[in-house]
Amino acid sequence: MTDLLKDFVPKHDLLVCIDSDGTVFDNMELKHKECFCPAAVNVWKLQAVSKYFREVWEFYNLYARTRGINRFPGIVKCLEENAKRPEVKERGYVLPDLTELKKWTEETPVLGCGALEAYAEKTGTKDPAIHQAIAWSHEVDANVRRIVHDLPPLPYVRETLEKISAFADIVIVSAATHDALEREWIANDLVRYVTVTAGQELGSKAECIRKSMEGKYAADHVLMIGDAPGDYESAEKNGVMFYPIIPGQESASWKQLYAESAERFRDGSYAGAYMDEQVRSFFDALAEKAPWE
């Protein structure tokens, strides 16, 4: 896939990077509960401990400060955390050897299924966890295509994108696949506001922000909008601003962005105490400790 992030020509001197899942579309619960978790139970042979694994998966992917974690480090973490639970140990569950898969997630520049398949082909690895991760990822994507559709954007999204696009370029920065992003944004006629769509195939969110702004925008002219700590960290790595869509308060977050925060970004008064307050509210809404601990 062509890396459009390096080549697009800015129309404005401001840039807004926007996550998609859980930020623009209220689809995180649907995707994780109906697509990711059932595929994991099937492919990773978790039937005997499925109720415990489901709790683990939903906590770390939806309600904790790991919300929004990429699927591959996510499956490693959730399999490891699930295996620690006394109830799971009592049922005789044995954690598979995740050494090679975990090493790949820590070293690969692109956390996508295509990259993992390329790694498997290049190395000729027979590691079961690598091939299970590939099969699981394909099953997740098939579930998403089958189940996740007809979802409108969150309230105030369309009005906000229209307002922002008048003074800033907009780049979608997401861990979802490019195809899924195109499908959802086109179906809702939102692509008209977007300059570039960057899915997982173009790199991590931090990398996509860096490539989007490099040689085009000053760091204090860039805002990242997202619903997960990873979005905040990606913004921080690039020295740019962050606006949170707070889980459970999505409509209110977009309403505030539309009514007030977008204009603050435009006139240069967003950074500082105002942004700090938004970030504090965001992290206060996410759990640090699992309920079963």
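Just name the residue that is farthest from Trp104 (Cα to Cα) out of those in the range 29-73 that are charged (D, E, K, R) and over 14 Å from the mean Cα position of the chain (by Cα).
Residue satisfying both the conditions and the ranking: Lys51.
Out of Val76, Val110, Val88, report the one residue that is more than 21 Å from the chain's Cα centre (by Cα) and either surrounded by fewer than 20 Cβ atoms within 10 Å (Cβ to Cβ) or assigned by TED's automatic domain parsing to the domain that holds Pro128 (or both).
None of the others qualify; the one that does is Val88.
Filter the range 21-36 for residues that are in contact with a strand residue (DSSP E or B) (Cβ under 7 Å, 6 or more places away or on another chain) and more than 14 Å from Arg71 (Cβ to Cβ); which is modelled with the lowest pLDDT?
Asn27
Looking at Ala168, is it surrounded by 16 or more Cβ atoms within 10 Å (Cβ to Cβ), closer than 23 Å to Gly203 by Cα and not assigned by TED's automatic domain parsing to the domain that holds Lys216?
no
Here is a check on your reading of the model: is Ala180 within 21 Å of Val16 (Cα to Cα), part of a loop (DSSP other than H, G, I, E, B) and within 16 Å of the chain's Cα centre (by Cα)?
no
Only one of these conditions is not met by Pro109: (1) closer than 16 Å to Glu201 by Cα; (2) touching a helix residue (DSSP H, G or I) at 6+ places or on another chain (Cβ under 7 Å); (3) modelled with pLDDT under 95. Which number is it?
Condition (2) is where Pro109 drops out.
Note down all Cβ pairs under 9 Å where the first residue falls in the range 170-191 and is within 15 Å of Arg145 (Cα to Cα), the second is buried (at least 21 other Cβ atoms within 10 Å of the Cβ) and among the basic types (Lys, Arg), and they're at least six residues apart or on different chains.
Ala176/Lys31
Show me the helices (runs of 4 or more DSSP H) entirely contained within the range 84-172 in which 2 or more residues are farther than 22 Å from Ala198 by Cβ and polar (S, T, N, Q).
By residue number, 128-147.
Would you mind telling me which numbered condition in (1) touching a residue at least 60 places away in the same chain (Cβ under 8 Å); (2) not assigned by TED's automatic domain parsing to the domain that holds Phe167 Lys289 fails?
Status for Lys289: all satisfied but (1).
Quick check on the range 207-220: of everything there that is closer than 28 Å to Asp284 by Cβ and surrounded by 20 or more Cβ atoms within 10 Å (Cβ to Cβ), which residue is modelled with the highest pLDDT?
Ile209
The values are calculated or read from the model by the stated rules, or taken from the named source; none is laboratory data. The model shown is predicted, which means the values in this text are computed figures rather than measured ones. Methodologically, a virtual Cβ is constructed for each residue, glycine included, from the backbone with ideal geometry; neighbour enumeration extends over all protein chains shown.
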